[in-house]
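Read the structure below first, then the notes.
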Amino acid sequence: MRIILAISILLFNCCSSHLRETDSIFINGKIYSVSGDGEIEAVAVDEGKIIKIGSKEEILALKGSKTRIIDLGGKTMTPGFIDSHAHFMGIGYAKLDLDLTNISSYEELVEKVNEKVATIAPGVWVLGRGWHQDKWDSVTAPIAQGFPTHHLLSAVSPNNPVYLRHASGHAGLANAKAMEIAGIDASTEFNDGGEIFKDEDGNPSGIFNETAQRLISKYIPDNDPQRAQMAFEAAVSACLSNGITSFHDAGVGFATIDLYKRNLEHGKLKLRLYPMLSGSNAELLEHYFSTGPEIGLGQDFLTIRSIKLYSDGALGSRGAWLLEPYKDMPATVGHSTTPVEEIYQICSKALERGFQVCTHAIGDRANREVLDQYEIAFSKTGCNPSDFRFRIEHAQHLHPDDIPRFGAMGVIPAMQAIHMSSDRPWAIDRLGKRRIEDGAYVWQKLLKSGATVINGTDAPVEPVNPIDCFYASVTRKTLSGTPPGGYEPGERMTRAQALRSYTLDAAFGAFEEDIKGSIEVGKYADFTIFDQDIMQVNEDQLLNTRVVMTIVNGEIAFDDGAISVK
């Protein structure tokens, strides 16, 4: 009797387990796995993870009374897009400050500040970001070293300090009031990894390049907790509405980490974050070197195991560190913003403590120096480079001799295809034809060397929209569709390469390829759903693609109402 009872209980439990209804089922769409399985007909999700992929009939067999059926209606589902290099809080603050991304002239910038000043009290700082003089229709204001001077700006804001960061984040424009507060005048000098641009009379022009920005920024009031929370929530919303399910945050400090942890605790962190510790904060690094990485907090919504360093500046402000002088300003080769000895020291400690290092390097000299320091640190510590997956952020302009070193050393080039689209029309003036063709934005050369190229937007330097970046990856064109055939078309990614760079390979860049980045059983149910097939639609229609739904951990995190959910 006991044997019969035991068998009955076992059969009941097995049947109950088999009949357990799944949370969600995705059907009737183009579903790309990225894992090598090609297209998938249907997907079943339970408790935030993928539990089965297969035919529509097989998956619907798992349907229960409480199962949610998400009918894609012919739309396209991919693994959730991962932005492998951007600035999360920067996206949020850009929503709160003046957005200068789309202005077409210095006069338009001045007018935006004029309108803002009219709404605030004297003494209140006016902040903004996004202007780029090389993208303006023309520059009619007085010029110093290729940039507008502060005079028109100062005339409309005599009683309010103003600081407007360049789109790259590597330079900024201050008005006279801000410079007065900072004590900047003709006698002020700065040569520690940056410079104060001056006019022909030797007076400050208002442009502060690279590390010289600190002369102004240290006088800007800190953001209060309420404003920081507003920026956080704005960034979450912006990412989810653009189909971003995971985000590599390029440089954070104590306050931002605390903010992320609070929001994780209160259920407000709706996408997965991989923040990099700011390498310029010695106290922050010392703390984490003593405590070690924090991996997979809150069902892998927050992981802290990487460090962000800066080796040079940006090409737009001529701060990128070059082996040869700038073609359009032969007196300069850019700036080294962190001594190479310091990069080596931090790399060595990171290897000992189990941290990844991600170093900003845009110019060919900066990339070579960083690769050299990585190589020395790997050699002296006896570490296997593939265990640590050190990265170079941007890897924008490389000497041909250094391209094979990425694959050979296991160094990941974390690149942003959208920079090619935005920068290439004027970058040739900075570098010249030979250097552009040999080593700028060389995605295929790096891939063929065996490197894993990962993609992102660098938002708010560029918009957080991944479709713009995907388009740039596969066309090598500007967003206006020029030139025909694209710039250096041999370096275009295939659509499969581009999708992988934004999903599975981006996950690899954060040691997370086993838990996300492809649609496979056992991985997190993080999906991006588009209104058209980005793998097949005509090239000239790609930029019309919209994100219609974003799924994170099996839950609908963004929905524009275009998909049936029952």
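A few points about this structure:
- Hits in segment 319-332 (condition: more than 26 Å from ASN281 (Cβ to Cβ) and either among the hydroxyl-bearing types (Ser, Thr, Tyr) or out of contact with any Lys or Arg (no Cβ under 7 Å at 6 or more places or on another chain) (or both)): GLU324, PRO325, TYR326, PRO330, ALA331, THR332
- Pairing residues of segment 396-414 that are closer than 14 Å to CYS358 by Cα with residues that are at pLDDT 95 or above and basic (Lys, Arg), at Cβ distances under 9 Å and at least 6 apart in sequence or on separate chains, gives GLY410/ARG389; VAL411/ARG389; VAL411/ARG391; VAL411/ARG405; ILE412/ARG389; ILE412/ARG391; PRO413/ARG391; ALA414/ARG391.
- With respect to being part of a strand (DSSP E or B) and either aliphatic (A, V, I, L, M) or under 23 Å from the mean Cα position of the chain (by Cα) (or both), ASN223 falls outside the description.
- Taking segment 42-117 and the helices (runs of 4 or more DSSP H) fully enclosed by it, the elements with 3 or more residues that are without any contact (Cβ under 8 Å) to a residue 24 or more places away in the chain are at 106-117.
- Of the listed requirements (1) out of contact with any Asp or Glu (no Cβ under 6 Å at 6 or more places or on another chain); (2) buried (at least 24 other Cβ atoms within 10 Å of the Cβ), GLY363 misses just one: (1).
- Some residue of segment 161-172 being surrounded by fewer than 21 Cβ atoms within 10 Å (Cβ to Cβ), over 27 Å from the mean Cα position of the chain (by Cα) and farther than 16 Å from HIS335 by Cα: no
- ARG227 vs. criteria free of Cβ contacts under 8 Å to residues at least 40 places away in the same chain and either surrounded by fewer than 22 Cβ atoms within 10 Å (Cβ to Cβ) or under 27 Å from TYR274 (Cα atoms) (or both): no
- Residue in segment 330-350 that is charged (D, E, K, R), in contact with a helix residue (DSSP H, G or I) (Cβ under 7 Å, 6 or more places away or on another chain) and assigned to a helix (DSSP H, G or I) present: yes
- Only one of the listed residues (ARG262, ARG272, ARG305) is of a type in the set (Lys, Arg), surrounded by fewer than 17 Cβ atoms within 10 Å (Cβ to Cβ) and outside the structural domain of ARG546 (by TED's automatic domain parsing). That residue is ARG262.
- Subset tally (residues that are in contact with a strand residue (DSSP E or B) (Cβ under 9 Å, 6 or more places away or on another chain) and without any contact (Cβ under 8 Å) to a residue 12 or more places away in the chain) for segment 118-143: 1
- If you go through segment 357-393 and keep only what is part of a strand (DSSP E or B) and touching a helix residue (DSSP H, G or I) at 6+ places or on another chain (Cβ under 7 Å), you end up with VAL357, THR359, ALA361, ILE392.
- Here TRP131 qualifies as within 24 Å of GLU111 (Cβ to Cβ), at pLDDT 85 or above and either in contact with a Pro (Cβ under 6 Å, 6 or more places away or on another chain) or buried (at least 23 other Cβ atoms within 10 Å of the Cβ) (or both).
- Matching residues in segment 480-517 - criterion: being part of a loop (DSSP other than H, G, I, E, B), surrounded by fewer than 22 Cβ atoms within 10 Å (Cβ to Cβ) and among the polar types (S, T, N, Q): SER480, THR482, THR494
- ALA144 being touching an Asp or Glu at 6+ places or on another chain (Cβ under 7 Å) and farther than 30 Å from PHE390 by Cβ: yes
- Out of ALA238, ALA234, one residue alone is aliphatic (A, V, I, L, M), touching a residue at least 40 places away in the same chain (Cβ under 8 Å), farther than 22 Å from HIS150 by Cβ and surrounded by fewer than 20 Cβ atoms within 10 Å (Cβ to Cβ). It is ALA234.
- Within the span defined as segment 529-551, every residue fails to be part of a loop (DSSP other than H, G, I, E, B) and surrounded by 24 or more Cβ atoms within 10 Å (Cβ to Cβ).
- When the strands (runs of 3 or more DSSP E) confined to segment 241-328 are screened for residues that are more than 30 Å from THR545 (Cβ to Cβ) and not β-branched (Val, Ile, Thr), those reaching at least 3 such residues are found at 306-310.
- Close pairs (7 angstrom Cβ cut-off, 6 or more residues apart or separate chains): on the phi < 0 side of the Ramachandran plot in segment 144-162, among the charged types (D, E, K, R) and assigned to a loop (DSSP other than H, G, I, E, B) anywhere: ALA144/ASP199; THR149/ASP199
- Residue list for segment 347-375, filter: small (Gly, Ala, Ser) and closer than 19 Å to SER168 by Cα: ALA361, GLY363, ALA366
- Of all residue pairs spaced 6 or more apart or on separate chains, none has beta-carbon atoms under 8 Å together with a first member in segment 330-351 that is within 30 Å of GLY432 (Cβ to Cβ) and at pLDDT below 95 and a second member that is outside any helix (DSSP H, G or I) and among the β-branched types (Val, Ile, Thr).
The values are calculated or read from the model by the stated rules, or taken from the named source; none is laboratory data. Bear in mind that the values here come from a model prediction, so they are computed numbers and not experimental data. So basically every Cβ, Gly included, is an ideal-geometry build from the backbone, and we count neighbours across all protein chains shown.
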